[in-house]
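Visitor: There's a structure below that I have some questions on.
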Amino acid sequence: MESSIKKFVNEALHNPTSKITGIINIILMVWIVFSTTIIPLHFLPNIDWILPYLIFFEYLTITIFTLEYILRIWSARKPLKYIFSSWGLIDFIAIFPFYITKLGLLGCNNCFVFVRLVRILKISKIYEMEMVAINQCSMGSHGEFELIKDEKVERIILKHPIVFFVSILLPMLFFAIGLSILVFFKFSIWAIILFIIFSFIAIVFFVRIWLKFNYDVIYITNKRLVLQERHLFGTIKNDISYHAISNITPNTTGILNWILRFGDIKIQTSGMDASFLFTNVASPHQLVRDIVATRQKVLQENNYLPTEKKVLPN
């Protein structure tokens, strides 16, 4: 009985490709965003009436995250490996400030409130799990992409996670502003209206960012190159045959781009006299090398390029 429960919990918490993990990640994402955006409420004047609710919500949040952390350790096939992994460290950091405050090791309450901002790192972990799921799952279809006959995905290129992490700060800021107005003006009619407006803007931004960073993908296959870009309403998909590619240019100009190794790639085609730009990819120079290598291999197999002759030593 224990073994079956442990196996179920492991599947739910450690397997990025399972459906239940996706549902849990969505719930955790919403909870993290809300628990982070209420932080400014602690600094608003004359809101003593809401402090007991904030304290209750904080205790509830810590209980949920602590239980999640314990269950992840208990259900992991190699608990120590999880504890010292990047995912395990992020889960630990999300609850650590609360307990050191309760032990009296962090006496400044305002410091504790600011330290709680590290909880946002859990969003980056959830995003990374989603990216792992995309890479690990059978790529029969994803978004508008579908495999054709005898086609195999060689590599999947995704947006750089740091860009996603920075992008979600804007919708979180909008929601925090709307919530602060709502609480400061004690749920007056116009405060509720402003809260709805700010929340709607935040949701639209967040959905757009989530869709783009989940479905903006480059598929390098043994048949073609597929660029898929997801917008709020609709998807753009470009199929590029390898023999049509005339030039591929990586661009990592900029200090942050150079340090964090992300940038853009521009793909120029000769036959269609067009170019395609894919932005904010991780390691664009390596990506270009992978595309060029796959292109050469495919063209040689289809007799578009002469096969290199091996010279044997005398």
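The numbers here are math on the coordinates, done by the rules we state, and not lab data. What you see is a predicted model, and the numbers here were worked out from it, not measured in a lab. Here the Cβ is made from the backbone with ideal geometry for all residues, glycine too, and neighbour counts use every protein chain on show.
Visitor: How many angstrom lie between the C-alpha centres of the range 201-239 and the range 249-264?
Guide: First find each Cα centre; the distance between them is then 20 Å.
Visitor: Tell me, in nm to one decimal, what length is gained between Val118 and Leu169 on full extension, where the rule is 0.36 nm per residue of separation less the Cα-Cα distance?
Guide: Between Val118 and Leu169, full extension yields an extra 17.1 nm.
Visitor: Right, another one. Once you keep just the Cα pairs under 8 angstrom separated by 6 or more residues, what percentage relative contact order results for the chain?
Guide: Rounded, it is 14 percent for the chain.
Visitor: About the Cα centre of the range 1-135, how large is the charge dipole given +1 on each Lys and Arg Cβ and -1 on each Asp and Glu Cβ? Please answer in debye to the nearest 20.
Guide: Charge dipole of the range 1-135: 400 debye, to the nearest 20.
Visitor: Please compute the length gained on full extension between Ile259 and Leu232, using 0.36 nm multiplied by the number of residues separating them and subtracting their Cα-Cα distance.
Guide: Stretched out fully, the Ile259 to Leu232 stretch lengthens by 6.7 nm.
Visitor: Under a Cβ-Cβ cut-off of 10 Å, what is the net charge of the residues other than Ser167 that fall near it, where Lys and Arg count +1 and Asp and Glu count -1?
Guide: +3
Visitor: Starting from the 7 Å offset along Cα-to-Cβ, what nm value, one decimal, do you get for the label separation of Ile203 and Arg224?
Guide: A separation of 3.7 nm, rounded to one decimal place.
Visitor: With the alpha-carbon atoms as the only input, what is the per residue convex hull volume for the range 1-135 in Å³?
Guide: Spelled out: Cα convex hull of the range 1-135, divided by residues, is 122 Å³.
Visitor: Quick check: pseudo-label points 7 Å beyond the Cα along Cα→Cβ at Phe184 and Glu301, how many nm apart are they?
Guide: Going from the Phe184 label point to the Glu301 one covers 6.1 nm.
Visitor: Let me ask another. Just to be sure I understand the model, the point goes 7 Å from the Cα along the line to the Cβ. What's the resulting Asp290 to Glu128 distance in nm?
Guide: Calculated label separation equals 1.8 nm.
Visitor: Which of the trypsin sites (Lys or Arg not before Pro) found in the range 261-297 are loop residues per DSSP with 16 or fewer other Cβ atoms within 10 Å of their Cβ?
Guide: Within the range 261-297, the qualifying trypsin sites (Lys or Arg not before Pro) (loop, at most 16 other Cβ atoms within 10 Å) are Arg261.
Visitor: Please state the shape class of the range 216-301: rounded when a/c is under 1.5, otherwise prolate if a/b exceeds b/c and oblate if not, all from the C-alpha gyration tensor.
Guide: In terms of gyration-tensor shape, oblate.
Visitor: Mean-square fluctuation check for the chain, GNM, Cα pairs under 10 Å: which of Leu28, Leu158, Leu54 is largest?
Guide: Ranking Leu28, Leu158, Leu54 by mean-square fluctuation puts Leu54 first.
Visitor: If you line up the Cα atoms of the range 256-304 on their principal axes, what length do they span on each, largest first, in Å?
Guide: So the extents along the principal axes, rounded to whole Å, are 41, 23, 10.
Visitor: Please identify the longest segment of the chain free of exposed chymotrypsin sites (Phe, Trp or Tyr not before Pro), where exposed means a DSSP state other than H, G, I, E or B and no more than 16 other Cβ atoms within 10 Å.
Guide: The answer is 85-184.
Visitor: Apply the Debye scattering formula to the range 167-314, with a single equal point scatterer on each alpha-carbon and no solvent, then give log10 I(q)/I(0) at q = 0.14, 0.15, 0.16, 0.20 Å⁻¹.
Guide: Log10 I(q)/I(0), no solvent term: -0.81, -0.88, -0.94, -1.18.
Visitor: Any idea what angle helix 86-102 forms with the longest principal axis of the chain, computed on alpha-carbon atoms, 0 to 90 degrees, nearest 10?
Guide: Once rounded, one gets 10 degrees.
Visitor: Turning to a different aspect of this structure: Under 10 Å, Cα contacts only: if you run a Gaussian network model on the chain, which one of Pro45, Pro250, Pro284 comes out with the highest mean-square fluctuation?
Guide: The residue that fluctuates most here is Pro45.
Visitor: If you don't mind, another one. What FRET efficiency, computed as 1/(1 + (r/R0)^6) with R0 = 22 Å and r the Cβ-Cβ distance, is obtained for Phe92 and Val9, rounded to the nearest 0.05?
Guide: 0.75
Visitor: Please check: in the Gaussian network model of the chain (C-alpha springs, under 10 Å), which one of Ile120, Ile27, Ile181 has the largest mean-square fluctuation.
Guide: Ile27
Visitor: Kindly provide the pair-distance distribution of the chain built from C-alpha pairs, with 10 Å bins from 0 and whole-percent values in order of increasing distance.
Guide: Pair shares across the bins are 5, 20, 26, 23, 15, 7, 3, 1, 0, 0.
Visitor: While we're here: Angle between the Cα long axis of helix 2-14 and the longest principal axis of the chain, 0 to 90 degrees, nearest 10?
Guide: 70
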